[in-house]
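Worksheet: the structure to be examined is printed underneath.
Each reported figure results from applying straightforward, stated rules to the coordinates on display, with no laboratory input. As the structure is a computational prediction, the values presented were derived from the model and not from experiment. So basically every Cβ, Gly included, is an ideal-geometry build from the backbone, and we count neighbours across all protein chains shown.
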Amino acid sequence: MSAHVIKNLPLDLLPERRWATVCDVTIPATGVDHELVLRLVELGFVPGERVRIVAEGIGGREPMAVRVGHTTFALRRHEASFIIVEPHP
């Protein structure tokens, strides 16, 4: 019997309504995305937090409604791609 291994993936690829745990946040060294990602960390997207995509725009487009803790945020897919999660089985 083989064990089913769940691999970590960027939050923007997590299936809608599936819970996951943040395991890492990729923070660019410089540039516009550096400040953006620091803001996401300040908002609570930190390792150990549970997250899930509660809704997506029409046709799976932006924005995505993402729940972290007890708060829901609207994120663009580009923003969510910096947050690495481990899906719950």
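Would you say VAL85 is touching a Lys or Arg at 6+ places or on another chain (Cβ under 8 Å), surrounded by 11 or more Cβ atoms within 10 Å (Cβ to Cβ) and in a strand (DSSP E or B)? When the stated conditions are applied, VAL85 does not pass them.
Yes/no matrix, rows are residues, columns are (1) surrounded by 15 or more Cβ atoms within 10 Å (Cβ to Cβ); (2) in contact with a Leu (Cβ under 7 Å, 6 or more places away or on another chain):
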residue: GLU42; (1), (2): no, no
residue: VAL46; (1), (2): yes, no
residue: ARG50; (1), (2): no, no
residue: ILE58; (1), (2): no, no
residue: ARG61; (1), (2): no, no
residue: HIS70; (1), (2): no, no
residue: PHE73; (1), (2): yes, yes
residue: ARG77; (1), (2): yes, no
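Restricting attention to the stretch 50-82, the residues that are assigned to a strand (DSSP E or B) and among the hydroxyl-bearing types (Ser, Thr, Tyr) total 2.
Output the residue which, of all residues in the stretch 9-45 that are of a type in the set (A, V, I, L, M) and under 12 Å from VAL85 (Cβ atoms), is nearest to the chain's Cα centre (by Cα).
As a first pass, look at the stretch 9-45 and keep what is of a type in the set (A, V, I, L, M): 9, 11, 13-14, 20, 22, 25, 27, 29, 32, 36-38, 40-41, 43.
Narrowing the set further to residues that are under 12 Å from VAL85 (Cβ atoms) leaves 9, 11, 13-14, 20, 22, 25.
On the way: LEU9: 9, LEU11: 3, LEU13: 8, LEU14: 8, ALA20: 8, VAL22: 7, VAL25: 9 Å.
Step by step, filter the stretch 9-45, then rank; the result is LEU11.
Within the stretch 18-32, is there a residue that is surrounded by 14 or more Cβ atoms within 10 Å (Cβ to Cβ), in contact with a Gly (Cβ under 9 Å, 6 or more places away or on another chain) and without any contact (Cβ under 8 Å) to a residue 24 or more places away in the chain? Looking through the stretch 18-32, none of the residues is surrounded by 14 or more Cβ atoms within 10 Å (Cβ to Cβ), in contact with a Gly (Cβ under 9 Å, 6 or more places away or on another chain) and without any contact (Cβ under 8 Å) to a residue 24 or more places away in the chain.
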